[in-house]
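Accompanying notes for the structure given below.
The values are calculated or read from the model by the stated rules, or taken from the named source; none is laboratory data. Quantities reported herein were computed from a predicted structural model and do not represent experimental measurements. Heads up, the Cβs are rebuilt from the backbone with ideal geometry, glycines too, and the neighbour counts pull from every protein chain shown.
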Amino acid sequence: MPIELIALDLDGTALRSDNTLSPRIAEAVEAAAEKGIEIVAASGRPYGSMPKDFLKLSGVNYVISSNGAAVHDLSGNRIHETLMEEPEVLKLLRLTEDIDLIWEAFLDGGTYTDIRYLRDPMKYGCTPAYVSYVQNSRGGLDDMRGYIFENRKKLDSVEYVCPEREKRERVRAKLERELRRTYITSSSAHFVEFMHRDATKSNALKWLCGRLGVPLKGVAACGNADNDADMIACAGLRAAVGNASESCKAAAELILPTNNEDGVAELIRRILG
């Protein structure tokens, strides 16, 4: 079936590791748009911190943000959302009350983070290329747990940042046992992310395809991380860039060059023939 829609993860997929958009990928996206193909940005980022150079490309009319918790149109209107459930947020706070973690919260397209992370992102595993992005896209707070509690009814998602692998995985395993109505995933090595159990990229993509009248067999999806695997698995053409995680590659039928080698441009070249 001809491809009518291409869903692209951004960080580590459509963007280079230095957080820039390759001219070759920009040209490929606009070439696909000229052929009438819908381009959807599908990111773990909240809408407010999406890269403007990607959103301004012709054909990018919809954005899946916060790992699927929200869908926005070209004008920035939130046209679909799946917020976290209050009891699950309260349970998450209770289960981690004695653990020192760097928390971030996403709501209304914006992000708030622990002031410690904002002041020194690299201390918590941020790469140099993303320091400016972190510091310019977030508000910093001393009491993130209090902020999460106050906004427990309107959260798109929350996450903790922890560069210590043993601690990060131990806490994650504990929470996966207890939080049965929460989707837990990771968009990069040091992050563990929490959304409503139905707030996945795949569910957001299915909702958008229903709205647009596009069959899933007519969708190509590409990503690089664990949080992309479900979206890739539901698409008609399933692709992962060469730098993808193992679970992401396992969901794909097509392994492309890496994000730094313009893998997404290669995907679009194949689609356009």
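Here Asp198, Asp156, Asp142 are screened, and the one residue that is in contact with a Gly (Cβ under 9 Å, 6 or more places away or on another chain), under 19 Å from Trp103 (Cα atoms) and at pLDDT 95 or above is Asp156. Does Asp143 satisfy the condition of being buried (at least 16 other Cβ atoms within 10 Å of the Cβ), closer than 27 Å to Arg177 by Cα and either within 20 Å of the chain's Cα centre (by Cα) or free of Cβ contacts under 8 Å to residues at least 24 places away in the same chain (or both)? The answer is no for Asp143. If you filter region 212-234 down to residues that are free of Cβ contacts under 8 Å to residues at least 24 places away in the same chain and farther than 17 Å from Ile184 by Cβ, you find that the one that is surrounded by the most Cβ atoms within 10 Å (Cβ to Cβ) is Ile232. Summed over region 177-200, the residues that are over 21 Å from Gly125 (Cβ atoms) and surrounded by fewer than 20 Cβ atoms within 10 Å (Cβ to Cβ) give a count of 7. The set of residues in region 206-262 being closer than 25 Å to Leu74 by Cβ, part of a helix (DSSP H, G or I) and hydrophobic (A, V, I, L, M, F, W, C) consists of Trp207, Leu208, Cys209, Leu212, Leu216, Met231, Ile232.
Residues are listed down the side, and each one gets a yes or a no for (1) at positive phi; (2) outside any loop (DSSP other than H, G, I, E, B); (3) touching a helix residue (DSSP H, G or I) at 6+ places or on another chain (Cβ under 8 Å):
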| site | (1), (2), (3) |
| --- | --- |
| Tyr117 | no, yes, yes |
| Gln135 | no, yes, yes |
| Gly140 | no, yes, yes |
| Lys153 | no, no, yes |
| Val158 | no, yes, yes |
| Pro163 | no, no, yes |
| Arg168 | no, yes, no |
| Lys174 | no, yes, yes |
| Arg177 | no, yes, no |
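Restricting attention to region 23-77, the residues being of a type in the set (A, V, I, L, M, F, W, C), within 20 Å of Gly213 (Cβ to Cβ) and in contact (Cβ under 8 Å) with a residue 60 or more places away in the chain number 6. When Glu164 is tested against (1) over 18 Å from the mean Cα position of the chain (by Cα); (2) of a type outside the set (Lys, Arg); (3) closer than 19 Å to Ser66 by Cβ, only condition (3) is not met. Every test in (1) part of a loop (DSSP other than H, G, I, E, B); (2) surrounded by fewer than 17 Cβ atoms within 10 Å (Cβ to Cβ) is passed by Leu93 save one, and that test is (1).
The numbered conditions (1) at pLDDT below 95; (2) within 22 Å of Ala31 (Cβ to Cβ); (3) of a type in the set (Lys, Arg) are all true for Arg270 except (1).
Evaluated against (1) under 14 Å from the mean Cα position of the chain (by Cα); (2) in a strand (DSSP E or B); (3) not assigned by TED's automatic domain parsing to the domain that holds Leu141, Asn61 falls short on exactly one condition, (1).
Cβ-Cβ contacts under 9 Å between residues 6 or more apart (or on different chains), taken from a first residue in region 110-124 that is farther than 18 Å from Gly44 by Cβ and β-branched (Val, Ile, Thr) to a second residue that is buried (at least 19 other Cβ atoms within 10 Å of the Cβ) and at pLDDT 95 or above, are listed as Ile115/Met144.
Would you confirm whether or not region 48-65 contains a residue that is closer than 27 Å to Pro163 by Cβ, buried (at least 22 other Cβ atoms within 10 Å of the Cβ) and not basic (Lys, Arg)? Looking for residues that are closer than 27 Å to Pro163 by Cβ, buried (at least 22 other Cβ atoms within 10 Å of the Cβ) and not basic (Lys, Arg), one finds at least one in region 48-65, hence yes.
Can you name the residue in region 31-41 that is under 23 Å from Lys206 (Cα atoms) and charged (D, E, K, R) and is also surrounded by the most Cβ atoms within 10 Å (Cβ to Cβ) among such residues? In this case the residue turns out to be Glu38.
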